[in-house]
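A.B. asks: Right, I'll just put the structure down here and ask away after.
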Amino acid sequence: MAFTVKFNLIEKLLISAGVIASAAAMWHLLCLFGGPSWFAFARAPQSVIDSAQQGTLFAPLATVIVASLMFACTIFAFSAVGMIGKIPLVKPALVTIALLCTVRGVIAIPFFLTSTGWDIWQVVASTVWFYVGVCFIAGSIEQYRRNKSLIIN
């Protein structure tokens, strides 16, 4: 007997957003092992790069905090679609994540064009985070619709 799970389009979007968030979290954690050049490549703030070069705790702590927030995005996305157990505050978390990711995707637009030309890294990162934000927006709407239909029924 095979176990199959069918997800609707919005659930698939949330799953993809969760996978992207986990991959981004792992990338951030890999920077700890790659050292200052990896932080520089990832466009980390100069203070983080300096910390990595000097061996202070700021870079690793900031990296772990950012990665933890990204893993939290994954947990909320997966909980919303039922891949893991229900956790508290899923709906407000989805809305907050949607807002933050969408803003992250849009806010970097002025930085796309630098004195040396297009910053491809910013274009790719902003596009990916905008996509993640849209996925969380769709997931938020779906969660509120489900809740509304449960109340009416």
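The values are calculated or read from the model by the stated rules, or taken from the named source; none is laboratory data. What you see is a predicted model; the values in this text were computed from it and never measured. A quick note on method: Cβ atoms are made from the backbone with ideal geometry, for glycine too, and the neighbour counts reach across all protein chains shown. Ligands, DNA and RNA are excluded from the accessible area calculation, which covers all protein heavy atoms including side chains. Shrake-Rupley method; radii C 1.70, N 1.55, O 1.52, S 1.80 Å.
A.B. asks: Are there any pairs with C-beta distances below 7 angstrom linking a residue in the range 69-83 that is polar (S, T, N, Q) to a residue that is open to solvent by less than 30 Å² (accessible area, probe 1.4 Å), with the two at least 6 apart or on different chains, and if so which?
C.D. replies: Thr74/Gly18; Thr74/Ala21; Thr74/Ser22; Ser79/Val90
A.B. asks: Show the residue pairs meeting these rules: Cβ distance below 9 Å; 6+ apart or different chains; first residue within the range 127-151 and at negative phi; second residue aromatic (Phe, Trp, Tyr) and modelled with pLDDT of 85 or more.
C.D. replies: Pairs found: Phe136/Phe76; Gly139/Phe76.
A.B. asks: Go through the range 24-61 and give me each residue that's in contact with a Pro (Cβ under 7 Å, 6 or more places away or on another chain) and closer than 22 Å to Val123 by Cβ.
C.D. replies: Scanning the range 24-61 gives a single hit, Ile49.
A.B. asks: Then there is this: Select from the range 37-55 the residues that are open to solvent by 60 Å² or more (accessible area, probe 1.4 Å) and not small (Gly, Ala, Ser) and list them in ascending order. Working first, answer last.
C.D. replies: Kept after step one, since they are open to solvent by 60 Å² or more (accessible area, probe 1.4 Å), are these residues of the range 37-55: 37-38, 41, 43, 45-47, 53-55.
Scanning the range 37-55 gives Trp38, Phe41, Arg43, Pro45, Gln46, Gln53, Gln54.
A.B. asks: Could you pull out every one of the helices (runs of 4 or more DSSP H) wholly within the range 1-119 that has 2 or more residues that are touching a Gly at 6+ places or on another chain (Cβ under 8 Å)?
C.D. replies: 9-34, 58-80, 90-107
A.B. asks: Taking the range 102-135 as the search range and keeping residues that are of a type in the set (Gly, Ala, Ser) and surrounded by 16 or more Cβ atoms within 10 Å (Cβ to Cβ), which one is farthest from Met70 (Cα to Cα)?
C.D. replies: Ranking the qualifying residues of the range 102-135, first place goes to Ala108.
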